[in-house]
Structure formats: C-alpha cells, structure tokens
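Q: I am attaching a structure below and will ask some questions about it afterwards.
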Amino acid sequence: MLEFRNVSFQYDSEDFDIVDDLSFHVHPGEFVSLVGISGCGKSTIFKLTDGILKKKSGRILLQGEDVEKHKGVAAGYMPQKDLLFPWRTIEANICLPMEIAGVDPGEQKERALAMLAEVGLDQMYAKKYPKDLSGGMRQRVSFARTLLTSAPLLLLDEPFSALDALTRMNMQEWLLSEWKHFNRTIMFITHDVEEAIFMSSKILLVKQTPIHELEEIEVPMGYPRTRDFMGRPEIEELKEYLIDQLKRQVNF
C-alpha cells in the first residue's frame, strides 16, 4: 500500500535532515501505529505521505505509484484536532471532500447522511453545529469526513489525545470496528504505548531523530480484541520494551 524508498526531508529552519534515507513499507489492510516521543518527526512522515511536504530525495509510492503522480487523493489525513468548521453544519462539514471533488450536491447529501449512520450518529445531528457535539462525537464526524475522501490509506494523527480516558477507550474500540467494516489501511500516530498495542497489527517505532530507520514490531495478538488481552505476559513484555525505548530518547 505504502512504501518509502530512501526518503530524506529537511525543514528550511533546520541544518539537518529530520528524515534521513528512510525506508519502510505498509501492506494493504494493515493497522500500523507510528510510535515515538513528541517532536521526533512522526507527523512529518504523514505530511510527506499526503504530499503536504515535498521530499528532498528518494521515492514515496502509494499502491506502486509515486505519490506526486497519484491520480485523485493519495491519502485521507485526520489531524489531532478535528478541525471542523464552526460555521458549517455537521452535514456540510462531512460534505467538504465531496465538494472539492465536484460531486453532485444531491449525492453529497445522500452520502453524508449515510456516513453519519455508519459512524453511529443519528441523522438528527446533520443540522447541528460542532459546538453542539461532545469531543467523541466531533472525532466521529472528522473520521466520517476523512472516509469520504475515498482514499485507500487513512493517516490518523493522534486523533484521541484530547479525549478523557473513558471516551478514548470507547473511541479506540469503535475505530477498530470501523477499520474492519470499511476495509481500509490505517496508519495511526500515538505516543501512548497501550493505545498502540491495543489497536495495531504492527508498530513502527521511532528510536532516534533524525529518523533513519523504524523498528518494525508485530503485535502478538489477533482480532477481534478485548481489554483482557492487555494482561497477557507477552503483551506486558512488549509494553515494557516500548516504554524503555521511549525513555531512552528523552533528554532530562
């Protein structure tokens, strides 16, 4: 689905490549978490994948085709904040990617209402505004909007970090069910080790900055998952390993 081949990138304000000759791949249908400390360059990888940033060298391939040459939307990008427009109704917010794509207004409305139902929100919310919804509901709307890009790859950048603990757990379980339902490939940024383990089929660990390589770790747990799995010895061992690796990167 996605392949980085010897990719490098440098910000204008820096005198070094924050992404340095990086290679990795993501298979179709995987749920992959990108784990690392804050500021290590995780979001930079997402922005390179989505074409927001332009690489310095190397190749980024999506379904075997260079991202720059990819026809249509290469990836759906959901940032940490929901970024819903406060002056637009929920329906109008969800319709945004279809507006940009030139979809007929009648079809936009039909698909938006259907997607609201898919993400567990009644059609009564269509005419409400973001201020009328809870944090978890706004994240569902943001996810619905991301899905309607029709992109095969979804990039989710710490989408649950601002939620309270219980809502966050509920959203994690909800997202796993939606991932299976819609059969998309997901890359998920987090620095929460337990979140990464619970959700992912594979973890890509950032061990240093500049990012020259990512350690690939398969999560020894199948789907569907329950919280009981988190108490297994092999999962506890993986959790301790990830925490130890992240601690090594923090400068006290």
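Q: Pick out the one residue from GLY36, GLY51, GLY41 that is open to solvent by less than 60 Å² (accessible area, probe 1.4 Å), of a type in the set (Gly, Ala, Ser) and either closer than 17 Å to PRO152 by Cα or without any contact (Cβ under 8 Å) to a residue 60 or more places away in the chain (or both).
A: GLY51
Q: Those residues that are modelled with pLDDT of 80 or more and open to solvent by 70 Å² or more (accessible area, probe 1.4 Å), I need them from the stretch 107-137; list them, please.
A: Residues satisfying the conditions are GLU107, LYS109, GLU110, ARG111, GLN123, MET124, LYS127, TYR129, LYS131, ASP132.
Q: Determine, yes or no, whether SER150 is part of a loop (DSSP other than H, G, I, E, B) and open to solvent by 10 Å² or more (accessible area, probe 1.4 Å).
A: For SER150, the condition - part of a loop (DSSP other than H, G, I, E, B) and open to solvent by 10 Å² or more (accessible area, probe 1.4 Å) - is met.
Q: Being of a type in the set (Val, Ile, Thr) and either in a strand (DSSP E or B) or within 12 Å of the chain's Cα centre (by Cα) (or both) is the filter here; which residues of the stretch 134-147 pass it?
A: Across the stretch 134-147, the qualifying residue is only THR146.
Q: Moving to a separate point now. Pull out all pairs, ordered by first then second residue, where Cβ-Cβ is under 9 Å, the residues are six or more apart or on different chains, the first lies in the stretch 55-74 and is open to solvent by 70 Å² or more (accessible area, probe 1.4 Å) and modelled with pLDDT of 85 or more, and the second is aromatic (Phe, Trp, Tyr) and part of a strand (DSSP E or B).
A: Filtered contacts from the stretch 55-74: LYS56/PHE9; ARG59/PHE4.
Q: Here is a follow-up. When you go through ILE203, ILE189, ILE211 one by one, which is the residue that is within 23 Å of SER8 (Cα to Cα), of a type outside the set (D, E, K, R) and touching a Cys at 6+ places or on another chain (Cβ under 9 Å)?
A: ILE211
Q: I've got another one for you. Which of (1) open to solvent by 70 Å² or more (accessible area, probe 1.4 Å); (2) in contact (Cβ under 8 Å) with a residue 24 or more places away in the chain is the odd one out, the single condition GLU218 does not satisfy?
A: Result: GLU218 fails condition (2) only.
Q: Please state which of the following conditions TYR11 fails to meet, knowing it meets all the rest: (1) surrounded by fewer than 19 Cβ atoms within 10 Å (Cβ to Cβ); (2) within 20 Å of the chain's Cα centre (by Cα).
A: The single condition TYR11 does not satisfy is (2).
The values are calculated or read from the model by the stated rules, or taken from the named source; none is laboratory data. What you see is a predicted model, and the numbers here were worked out from it, not measured in a lab. Virtual Cβ from ideal backbone geometry, glycine too; neighbours counted across all protein chains shown. The area values use the complete protein model at the heavy-atom level, side chains included, leaving out ligands, DNA and RNA. Shrake-Rupley method; radii C 1.70, N 1.55, O 1.52, S 1.80 Å.
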